[in-house]
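Below is one structure, written out as structure tokens; comments come after it.
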Amino acid sequence: TVTVNKQQYESRGASIHALSLHMQDFVKILGLKHRREVAGKSAIFSGEHFVLEETDWYLLNLFRLWWHYGISFLRLQMWVEEVMEKFMRIYKYQAHGYAFSSLEELLRSLGGDAFVNMTQRSVAESLLEVGITQRFVDDVIAAVLRSSYGQSVLVPAFAGAMSLVGAQGSTWAVEGGNKLVCSGLLKLTKANVIPARVTGVSLHSSEGRALYQVHYEGSEGQASAFYDMVVVTTPLHPSRSNFTFENFEPPIADFPGAFQPSVTSVVHGYLNSSYFGFPDPKLFPVASILTTDTPDLFFNAMDNICPVNISAAFRRKQPQEAAVWRVFSQQPLDKQQLKTLFRSYYSVQVTEWQAYPRYDAAKSLPPIVLHENLFYLSGVEWVASSMEMIAVAAKNVALLAYNRWHQDLEKIDQKDLMHKVKTEL
């Protein structure tokens with residue numbers, strides 16, 4: 001939960017507007033480095049064999065896609081590019097200080113009602129409508145979504161589009177770990193971080209305006225403080241615990257929906273290449289394995305991972321050597337499943353978490369404005385869940401709060417923004 005008092009907020013308008021930069025620009029400002037890419041091929045596993053396997057030759061990869069799926073991969077690329085071209089408008093809008101009071105208004109400003117509808121219909125339905133074959137959806141699209149969201153092709157089209165963008169190899173990582181972006185931004189903004197768990201927010205009033213009391217528990221026990229503005233970043237769904245809103249009328253209740261559990265197992269061991277159809281480990285060709293939506297498959301994806309710091313001399317382990325593998329699954333792997341994937345292993349580290357919204361659990365988008373100066377950030381995950389979407393939503397909340405505080409209503413929920421932005425240049 002992020003809180004801001006009046007004096008701090010009015011003195012930081014310039015830094016708030018400076019957040020219109022892309023994530024890559026954040027990295028430059030913070031003095032961070034782009035982590036070097038390590039080559040590695042991918043394949044899609046059906047439970048019996050590889051239905052699609054990447055090679056070292058780009059033209060051969062294109063030929064295999066065409067041979068198996070016709071021009072579906074071209075239609076997919078055109079569809080994704082069209083969505084992303086419209087989505088990128090948000091950076092121009094935010095650079096000019098425009099904000100939106102609801103997720104629907106934000107989406108409508110980018111792609112009209114079509115973008116709003118993309119949160120209500122499945123990615124499979126949308127792709128079939130533009131001429132992509134069912135086989136391509138079942139093999140390729142399903143594998144990407146199982147890897148990214150741990151869910152099927154029934155996820156909403158907008159979330160599916162964002163997932164497919166990441167699968168095209170345009171993502172990047174920070175040397176030393178992506179967490180350095182967050183810690184670096186906190187240091188850059190000189191934010192006053194209170195290491196405590198927020199338990200609730202209660203509404204009060206002062207001189208005719210809203211005042212919010214934030215309750216929290218820290219190492220020294222329970223405490224609270226008053227703020228003019230509060231941004232709630234924890235998910236406000238039934239799975240949250242011990243977080244309450246008091247004195248609000250009407251009451252602020254939980255929003256419908258649930259989260260998709262995800263289990264990440266980091267295994268240091270020898271891959272059982274025979275399970276994937278390669279009796280000789282030396283001939284195993286890929287570093288990343290995606291899976292189709294097959295009932296008997298007990299994992300969603302796995303990949304041979306690299307350190308967050310990559311030296312010039314670093315190389316991937318040979319397939320017959322012990323390496324560190326990351327396995328995504330919906331349930332913790334039992335010993336028999338680990339034995340299926342690995343001939344032997346030295347260690348297993350398991351992390352289970354509520355990773356993403358379960359997109360079939362709710363059809364309405366949460367609000368951004370909970371009260372006069374009480375804002376909600378995490379609702380954007382129900383549009384699509386990614387670091388970039390959260391960054392966009394955070395910038396939108398900052399601009400919305402700033403514009404509302406200064407009564408600059410011409411910067412909120414404006415129509416025909418592309419024309420307005422062009423005339424302002």
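The values are calculated or read from the model by the stated rules, or taken from the named source; none is laboratory data. Predicted model only: the values in this text are computed from it and were never measured. Positions of Cβ are backbone-derived with ideal geometry, glycine not excepted, and every protein chain shown enters the neighbour counts. Accessible surface is based on the protein model in full, side chains and every heavy atom, while ligands, DNA and RNA are left aside. Shrake-Rupley method; radii C 1.70, N 1.55, O 1.52, S 1.80 Å.
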For this session: State yes or no: is Q407 part of a loop (DSSP other than H, G, I, E, B), out of contact with any His (no Cβ under 7 Å at 6 or more places or on another chain) and free of Cβ contacts under 8 Å to residues at least 12 places away in the same chain?
Result: yes
Exercise. For the stretch 228-253, what are the residues that are among the hydroxyl-bearing types (S, T, Y) and touching a helix residue (DSSP H, G or I) at 6+ places or on another chain (Cβ under 9 Å)?
Worked result: T233, T234
For this session: Hey, could you check the stretch 77-110 for residues that are touching a strand residue (DSSP E or B) at 6+ places or on another chain (Cβ under 9 Å) and outside any helix (DSSP H, G or I) and say which is nearest to V137 (Cα to Cα)?
Result: S102
For this session: Take the residues in the stretch 247-282 that are closer than 22 Å to E352 by Cα and modelled with pLDDT under 95, then tell me which one is surrounded by the most Cβ atoms within 10 Å (Cβ to Cβ).
Result: G257
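Yes or no: A159 farther than 23 Å from S288 by Cβ, touching a strand residue (DSSP E or B) at 6+ places or on another chain (Cβ under 9 Å) and surrounded by 15 or more Cβ atoms within 10 Å (Cβ to Cβ)?
Here the answer is no, as A159 does not meet what is asked.
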Problem set entry | Odd one out for N403, checked against (1) buried (at least 18 other Cβ atoms within 10 Å of the Cβ); (2) among the polar types (S, T, N, Q); (3) modelled with pLDDT under 95 | (3)
Exercise. When residues of the stretch 355-368 are filtered for being surrounded by 18 or more Cβ atoms within 10 Å (Cβ to Cβ) and at pLDDT 95 or above, how many remain?
Worked result: 1
Problem set entry | Hits in the stretch 103-156 - residues which are open to solvent by 20 Å² or more (accessible area, probe 1.4 Å), free of Cβ contacts under 8 Å to residues at least 40 places away in the same chain and over 28 Å from L377 (Cα atoms) | E125, L128, E129, Q134
For this session: Among the residues of the stretch 70-88, count how many are within 15 Å of M418 (Cβ to Cβ), open to solvent by 30 Å² or more (accessible area, probe 1.4 Å) and of a type in the set (A, V, I, L, M, F, W, C).
Result: 1
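Among the residues of the stretch 89-99, is any open to solvent by 80 Å² or more (accessible area, probe 1.4 Å), closer than 16 Å to A398 by Cα and basic (K, R)?
yes
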Exercise. For the stretch 111-127, which residues satisfy the criterion of being assigned to a helix (DSSP H, G or I) and either farther than 15 Å from P156 by Cβ or in contact with a strand residue (DSSP E or B) (Cβ under 6 Å, 6 or more places away or on another chain) (or both)?
Worked result: G112
Exercise. When you look at P319, is it modelled with pLDDT under 95 and within 23 Å of the chain's Cα centre (by Cα), yes or no?
Worked result: no
Exercise. Only one of (1) within 29 Å of W405 (Cβ to Cβ); (2) modelled with pLDDT of 95 or more; (3) among the small types (G, A, S) fails for A95. Which number is that?
Worked result: (2)
Exercise. Tell me, which helices (runs of 4 or more DSSP H) wholly within the stretch 141-243 include 2 or more residues that are farther than 28 Å from R358 by Cα?
Worked result: 179-189
Seminar exercise, completed: When restricted to V421, V392, the only residue assigned to a helix (DSSP H, G or I), open to solvent by less than 20 Å² (accessible area, probe 1.4 Å) and in contact with a Lys or Arg (Cβ under 6 Å, 6 or more places away or on another chain) is V421
